[in-house]
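A short write-up of the structure that comes next.
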Amino acid sequence: MGTFYSDDQIQEAIAALESYSPGIWETMKRMALITDPRSKQEELAKAAISRALIVVLPKVSFVAQADDKFEAENRLIIDVGNAVRSAIDAGKGGS
């Protein structure tokens, strides 16, 4: 699943996001399918996802302990995004 982090680390980050904002994982999967949020509800969901990523990911243990926290956080964002896409594909019967 991960390009930079192990599956366990990505799951730790997803659990932290869910703890911060229950249901955020399902919201992330739903919003990943929308390329241009048009409704107020979609804009609010996008803002909630952004806020959760900004607040939670820097606090995940392996990001907080990294020498380069900015790079660690950005890499985790990429891996969480990949996990979202993998979950969507799995839901469609893909890889």
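The values are calculated or read from the model by the stated rules, or taken from the named source; none is laboratory data. Just so we're clear, the structure is a prediction, and the values are computed from it rather than from any experiment. No Cβ is skipped: glycine too gets one built from the backbone with ideal geometry, and neighbour counts run over all protein chains shown. With ligands, DNA and RNA removed, areas are computed over all heavy atoms of the protein, side chains included. Shrake-Rupley method; radii C 1.70, N 1.55, O 1.52, S 1.80 Å.
Could you grab me the full set of residues in the stretch 31-42 that are open to solvent by 80 Å² or more (accessible area, probe 1.4 Å) and within 17 Å of the chain's Cα centre (by Cα)?
Restricting attention to the stretch 31-42, the residues satisfying the condition of being open to solvent by 80 Å² or more (accessible area, probe 1.4 Å) are 33, 35, 38, 40-41.
Correct list: L33, T35.
Here is a check on your reading of the model: is G94 at pLDDT 95 or above and either in contact with a strand residue (DSSP E or B) (Cβ under 8 Å, 6 or more places away or on another chain) or surrounded by fewer than 16 Cβ atoms within 10 Å (Cβ to Cβ) (or both)? Spell out the reasoning first.
Details: at pLDDT 95 or above: no; either in contact with a strand residue (DSSP E or B) (Cβ under 8 Å, 6 or more places away or on another chain) or surrounded by fewer than 16 Cβ atoms within 10 Å (Cβ to Cβ) (or both): yes.
When the stated conditions are applied, G94 does not pass them.
Restricting the first residue to the stretch 1-16 and requiring it to be among the polar types (S, T, N, Q) and open to solvent by 50 Å² or more (accessible area, probe 1.4 Å), which pairs with a second residue that is modelled with pLDDT under 95 and part of a loop (DSSP other than H, G, I, E, B) meet a Cβ separation below 8 Å and a spacing of at least six or different chains?
Sorted first by the residue in the stretch 1-16, then by its partner, the pairs are Q9/G2.
Filter the stretch 51-71 down to residues that are among the hydrophobic types (A, V, I, L, M, F, W, C) and more than 17 Å from Y20 (Cα to Cα) and give me whichever is most open to solvent (accessible area, probe 1.4 Å). Full working, then the answer.
First pass over the stretch 51-71, keeping only residues among the hydrophobic types (A, V, I, L, M, F, W, C): 52-57, 60, 62-64, 66, 70.
Retained after the next criterion (residues that are more than 17 Å from Y20 (Cα to Cα)): 62, 66, 70.
Numbers: F62: 30, A66: 22, F70: 150 Å².
Among those residues, the one meeting the criterion is F70.
Of all residues in the stretch 13-30, count the ones that are part of a helix (DSSP H, G or I) and more than 11 Å from the chain's Cα centre (by Cα). Walk me through how you get there before you give the answer.
Applying the first criterion (part of a helix (DSSP H, G or I)) to the stretch 13-30 yields 13-20, 24-30.
Among the residues that remain, those that are also more than 11 Å from the chain's Cα centre (by Cα) are: 19-20, 30.
So the count comes out to 3.
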